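K.L.:
One structure is given below, represented as structure tokens, and several questions about it will come after.
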Amino acid sequence: MNAKEKNIREEILNLQKKIAEWDNAYYNLDNPIVTDEIYDTEFIRLQKLEKQYSYLLTYEEVKNSPTQKIDAKSLSIFDKVIHKKPMLSLNKAYSIEEIKKFIKNIEKYTNDFSFLIEPKIDGLSISLTYENGKLIRGVTRGDGITGEDVTKNILQINDIPKEIEYKHKIELRGEIYLSISRFNELNEENLKNNLPPLANPRNAAAGTLRQLDSNIVSQRGLSSFIYFVVDAPSHNIFTMEDAFCFLKKNNFHVVKDYKLAKNINQIEEYINNFPELKKTFDFEADGVVIKLNEIKWWNKIGQTQKFPHYAIAFKFEPNIEITTIKKIFITIGRTGLVTYNGQVKTVEISGSKINFATLNNFNYIKELNLNVGDEVYIKKAGEIIPCIIGLVNPKGKPDYFKRIETCPYCNSKLIESETFLEEYCENYNCPEIIKKQLIHFSSKECMNFFSMGEKIVEKLYENKLILNPLDFYNLKNNKNELTQLEKLGTKSIMKILNSIEDSKKLGLDKFIFALSIKHIGQKVASFIASKVQKLSEFLKFDFDSLIQYNEIGPKIIDSVKKWLSVDNNKKLINDFLNSGMNFEHISNIKSKLLDGINIVITGTLSKPRNYFEELIKANNGNIVNSVSKKTSYVLCGENPGSKLDKANELNVKVISENDLIDMLKNKN
Ligand code: IVH
């Protein structure tokens, strides 16, 4: 073995050890220590290395690798049950090429086939046995061979039928999960009760299912999707599609968005649309499962010890690479917010060259123990700025970058927020903050000044033509100076000046958002505008009265009040008013059917919660946080939380989503 081979061998053994630790944390302790993406990246790296360099390893080292195991064993507190048929895992494909290979293998046996494609639910697999139509047993997957008897807990899951029409003994398999809306609701409750938040829905579900106290299971509100009938042909089920029909007929929850595909093009289409489709789910999906629809071929096609050859899981390639941090520095945003950034050794992620990545805030650096010179994982997803997400080799002791104490632009001391999560430059005269605010004011999302990009605003600011937002509106008196600014012809100057005049007709929401008040994003700005109505009311408005609405929390109210207490800001608003600009709220309300009606939402609805929130707001209703005497209705879905109890206690009317829709129809 030469030196290079020795290094590779060491790398493989280190990876094996690291992944085994991650497996233990994930499967046994229900407490993952890395994200799924890092896990997948390193798992693939290990798989590749083991394949290419298997000659560097002993037989034992290959056999005991985490890549060879189905799943980790469970730490047992429940009775062990041996599965009648092993609960297998699924082989993974990361590209269409790999799916083509999977299909080619099937074509060795038959040419007459189709595929059932469905979301891969990120939950826990479960086996359910029914006898004489009664649910007699629920068992976790465990290591695939032996699972744990969690029947008592399964009986607490509302959407699993306890009795079914079908009377023969039958074993079904599926996934238990915690819906995203329920997960958020539980975390809201934890926050209120000073309890630590749940890490993610999957582990919350896993932890719940292995609770000894089944009352806790009942309160948590788990959900299920059933997708598999064991020994289907013995129940006269011959395709996966029939299995779904059978399951639906017996009142099981079956995933809605499955599709039958005849060929690779249809599979590819489903996969391409999946990221959009996924946004509509109230459950976490970590890929797509493709199953051979015709069960009669399954036996012939066979399986390995770990996974069958008649099904495969497509997972989206994790966009993660490894690089080194060269430098750490901060930037200051328009609200004074401090952002830590890393300059990294150039690395290519899914086609784009990356030199910089965000490190968020100082706490993030501290938590991940990051410093200059460290080798790190870096991730880029879609439009999002690349982000450093962790150390490749965790260090045994704290060794993180020293906090930057002062603003690099104005030298004032940086101040931590009350929650210690953020830091701000609080100097209202910081030149960087003013510049960023002016850029924001002129941007598309705000006053939308024609082609007034960052560069031009910077120049105008440096040349002292614009020092505050109102100055934009006086630019028309400085045409000469404008012409002297680099590359600005008369035509573009006219366009800019016209667009500035046009902006006087914009809604109050745009103007409030344009002011760069801390914690006031587009949505909140538009909500505040709907309540304030006119800029002339802004200075006298009672912002404390907004606390009753779901959209507004104390942090927002304090921030607006603080902003309005600064003389310069008051003066700015008055100057706008004195210049004849009294921005008004432009309403996008479709109807006033829910005028003055306060609605609390709880439980899982048939569409994402956002949909119902928008619907209520479009009809002039209010979404409120918690149930009180002032609540008009509680809109209640499946597995409602404590809000339902509160509604009953206070005699607040509880309605279903159909009631709501009828209400909007009836009055029309
Ligand atoms: S089918 C033999 N369908 O993924 C095939 N599994 O990585 C049996 N999973 O153990 C599984 N969603 O826990 C199937 N729609 C789906 C799934 C799914 C999630 C889980 C299941 C399985 C694991 C394999």
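The values are calculated or read from the model by the stated rules, or taken from the named source; none is laboratory data. Small disclaimer: the values here were computed from a predicted structure and weren't measured. Note that each Cβ is placed from the backbone with ideal geometry, even for glycine, and that neighbours are counted across all protein chains shown. All accessible areas refer to the heavy atoms of the entire protein, side chains included, with ligands and DNA or RNA removed. Shrake-Rupley method; radii C 1.70, N 1.55, O 1.52, S 1.80 Å.
K.L.:
On the accessible surface of the stretch 1-72, probed at 1.4 Å, how many percent belong to carbon and sulfur atoms? All intermediate terms of the calculation are to be shown ahead of the outcome.
P.N.:
Numbers: 2160 of 4270 Å².
C and S fraction of accessible area: 51 percent.
K.L.:
Quick one: what are the phi-derived ³J(HN,Hα) couplings along the stretch 615-628, Karplus 6.51/-1.76/1.60 with θ = phi - 60°, whole Hz, x for glycine and proline?
P.N.:
Each residue's phi maps through the Karplus curve to give 4, 5, 5, 5, 9, 6, x, 10, 9, 10, 5, 10, 6, 9 Hz.
K.L.:
Rounded to the nearest 20 debye, what is the charge dipole size of the stretch 131-225 about its Cα centre when +1 sits on each Lys and Arg Cβ and -1 on each Asp and Glu Cβ?
P.N.:
Values: 13 positive and 13 negative charges, 22 e Å.
Using only the charged Cβ atoms, the result is roughly 100 debye.
K.L.:
Calculate one ³J(HN,Hα) per residue across the stretch 585-597 by plugging θ = phi - 60° into the Karplus curve 6.51 cos²θ - 1.76 cosθ + 1.60, and present them in order as whole Hz with x for glycine and proline.
P.N.:
Computed from phi, the couplings for the stretch 585-597 are 6, 9, 7, 10, 6, 7, 8, 10, 4, 10, 4, x, 9 Hz.
K.L.:
Starting from the exponent 0.38 and prefactor 2.2 Å, build the expected Rg for the stretch 540-600 from its residue count and divide its actual Cα Rg by it. All intermediate terms of the calculation are to be shown ahead of the outcome.
P.N.:
Working: Rg = 15.2 Å, N = 61, 2.2 N^0.38 = 10.5 Å.
Taking N as the residue count of the stretch 540-600, the ratio is 1.45.
K.L.:
For the stretch 1-107, with every protein chain kept in place, what is the accessible area per residue (1.4 Å probe, Å²)? Don't skip to the answer; put the middle values down first.
P.N.:
Details: 6520 Å² over 107 residues.
Each residue of the stretch 1-107 exposes 61 Å² on average to a 1.4 Å probe.
K.L.:
On alpha carbon coordinates alone, what is the Rg over Rh value for the stretch 302-392, Rh being the Kirkwood radius?
P.N.:
Rg/Rh for the stretch 302-392 comes to 1.17.
K.L.:
Can you tell me how the stretch 380-437 classifies by the Cα gyration tensor, rounded, prolate or oblate, using a/c under 1.5 as the rounded cut? Before the final figure, lay out each step's value.
P.N.:
Values: a/c = 2.56, a/b = 1.51, b/c = 1.70.
Because a/c hits 1.5 or more and a/b fails to exceed b/c, the stretch 380-437 counts as oblate.
K.L.:
Quick one: work out Rg over Rh on the C-alpha atoms of the stretch 157-210, Rh as Kirkwood radius. Walk me through the intermediate numbers first.
P.N.:
Numbers: Rg = 15.3 Å, Rh = 13.4 Å.
Across the stretch 157-210, the Cα-based Rg/Rh ratio is 1.14.
K.L.:
Would you please give the residues with an amide H less than 5 Å from that of Cys446, counting only those at least 5 places away or on a separate chain, with H modeled from the backbone geometry?
P.N.:
Amide H neighbours of Cys446, under 5 Å, 5+ apart: none.
K.L.:
Tell me, what % of the accessible area of the stretch 412-552 is carbon and sulfur with a 1.4 angstrom probe? Display every interim value, and only then the final one.
P.N.:
Details: 3730 of 7360 Å².
Here it works out to 51 percent.
K.L.:
While we're here: When the dipole is taken about the Cα centre of the stretch 549-631, and only Lys, Arg (+1) and Asp, Glu (-1) are charged at their Cβ, what size is it in debye, to the nearest 20? If you can, show how the numbers build up before the last one.
P.N.:
Working: 12 positive and 8 negative charges, 53 e Å.
The dipole of the stretch 549-631 has a size of about 260 debye.
K.L.:
While we're here: State whether the stretch 97-170 is rounded, prolate or oblate according to the following rule on the C-alpha gyration tensor (a ≥ b ≥ c being the square roots of its eigenvalues): a/c under 1.5 gives rounded; otherwise a/b larger than b/c gives prolate, and the remaining case gives oblate.
P.N.:
Details: a/c = 2.61, a/b = 1.95, b/c = 1.34.
Cα axes put the stretch 97-170 in the prolate bin.
K.L.:
Using the Cα centre as the reference, give the magnitude of the dipole from point charges on the C-beta atoms of the chain (Lys, Arg: +1; Asp, Glu: -1; all else neutral), rounded to the nearest 20 debye.
P.N.:
Roughly 700 debye, rounded to the nearest 20.
K.L.:
List the residues whose amide H sits under 5 Å from the amide H of Asn64, counting only those 5 or more places along or on another chain, with H placed 1.01 Å from N in the peptide plane.
P.N.:
none
K.L.:
Another one. Can you work out the Karplus-derived ³J(HN,Hα) for every residue in the stretch 410-419? Use 6.51 cos²θ - 1.76 cosθ + 1.60 with θ = phi - 60°, whole Hz, and x for glycine or proline.
P.N.:
10, 6, 6, 5, 7, 10, 7, 5, 4, 7
K.L.:
List every residue whose amide H lies under 5 Å from the amide H of Ala285, counting only residues 5 or more places away in sequence or on a different chain, with H placed 1.01 Å from N in the peptide plane.
P.N.:
Asp122
K.L.:
Looking at the stretch 112-264 from every direction and averaging, what is the projected area of its Cα convex hull in nm²?
P.N.:
Numbers: hull surface 41.7 nm².
Taking the Cα atoms of the stretch 112-264, their convex hull projects to 10.4 nm² on average.
K.L.:
Once you sort the root eigenvalues of the Cα gyration tensor of the stretch 481-618 as a ≥ b ≥ c, which label holds: rounded (a/c under 1.5), prolate (a/b larger than b/c) or oblate (the other case)? Don't skip to the end; give the middle numbers.
P.N.:
Working: a/c = 2.36, a/b = 1.69, b/c = 1.40.
Here the stretch 481-618 falls in the prolate category.
K.L.:
With axes computed from alpha carbons, what is the tilt in degrees of helix 522-532 against the longest principal axis of the chain, rounded to the nearest 10 within 0 to 90?
P.N.:
With both axes taken from Cα atoms, the answer is about 50 degrees.
K.L.:
Set the bar at 23 Å for Cα to Cα. Now go through Lys134/Lys256; Lys380/Lys555; Lys531/Lys630; Lys63/Lys100 and name every pair that lies beyond it.
P.N.:
On the way: Lys134/Lys256 25 Å; Lys380/Lys555 31 Å; Lys531/Lys630 18 Å; Lys63/Lys100 28 Å.
Lys134/Lys256; Lys380/Lys555; Lys63/Lys100, as the Cα separations exceed 23 Å there.
K.L.:
For the chain, what is the largest minus smallest coordinate of the Cα atoms on each principal axis, given in angstrom and ordered from greatest to least?
P.N.:
Principal extents (Cα only, largest first): 85, 75, 48 Å.
K.L.:
Something else: Report the rotationally averaged projected area of the stretch 46-182 based on its alpha-carbon convex hull, in square nanometres.
P.N.:
Values: hull surface 50.4 nm².
So the mean shadow area of the Cα hull is 12.6 nm².
K.L.:
Farthest toward the dipole's positive end in the stretch 172-213, which of Leu212, Leu186, Ile176, given Cβ charges of +1 (Lys, Arg) and -1 (Asp, Glu) about the Cα centre?
P.N.:
Ile176
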